[in-house]
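This report concerns only the one structure given below.
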Amino acid sequence: MTAVRALLYSAVLLSCGLTVSAVAGDEKPATQPSTAAAVELQPGTWKDITALVAKHQGKIVVVDVWSTSCAPCMQEFPGLVRLQKSNPEQVVCISFNVDYVGIKNKPADFYRPRVEAFLKKQQAQFVNILCMDESDKFFAEQELSSIPAVYVFGKDGKLAKRFDESQLQEGREEAFTYEADIVPFVKQLMGGK
């Protein structure tokens, strides 16, 4: 009877993704491989975005400009992740973080740990860039007054549309969302799929 009980116990543990030795404390539970390790954050500027858009000509490129200090940015960010996962052959998603504000004793890399932690939590397995320019300089160069902002580049590499606060309409809390605005626009660019 003990052997049957042990066999059943092992079967239950295996169905839960565990092993007998994991329960005994010999090793960590067998779980799904961590996707967080595949998330990378690289330093860069908008010039790097321009180069990436050119590199991916023939695909739609979606660039999400965000910050960890921007609640709407972080709320909408999972939409970028879903968009990439649902259309990896036709769409290239890029995140462009603008946490760096130019404080001398807080260089861009000061923000890296919290940006990386957020990206890993979101499983953002695409190009993630930490802007090395001060955010005000970036906003001025892009003539952008606030974030979140999402740039969608067509297959020809040209800017098809920029989603930002200028799209805010009466009765809406946000100027745009991935589900209501960006995803339908990207599908339209993909040919109506």
(message) What's the ranking of 183-190, 115-122, 50-57 by average number of surrounding C-beta atoms within 10 Å, highest first?
(response) 115-122, 183-190, 50-57
(message) Give me the 1.4 Å probe accessible area per residue for segment 38-184, excluding ligands and nucleic acids, in Å².
(response) 50
(message) Heavy atoms of the protein only, probe of 1.4 Å, neighbouring chains included. What is the accessible area of V39 in Å², nearest 10?
(response) 10
(request) For segment 113-178, would you read off the P(r) tail past 21 Å as a percentage of all alpha carbon pairs? (result) 43
(message) With a 1.4 Å probe and all protein chains left in place, how much of the accessible area of segment 107-193 comes from carbon and sulfur atoms, in whole percent?
(response) 48
(message) Between A140 and Q90, what is the label-point separation in nm under the 7 Å Cα-to-beta-carbon projection?
(response) 4.0
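The values are calculated or read from the model by the stated rules, or taken from the named source; none is laboratory data. No experiment lies behind these values; they were computed from the predicted model shown. Every residue, glycine as well, gets a Cβ built from its backbone with ideal geometry; the counts of neighbours run over all protein chains shown. Heavy atoms of the whole protein, side chains included, go into the accessibility calculation; ligands, DNA and RNA do not. Shrake-Rupley method; radii C 1.70, N 1.55, O 1.52, S 1.80 Å.
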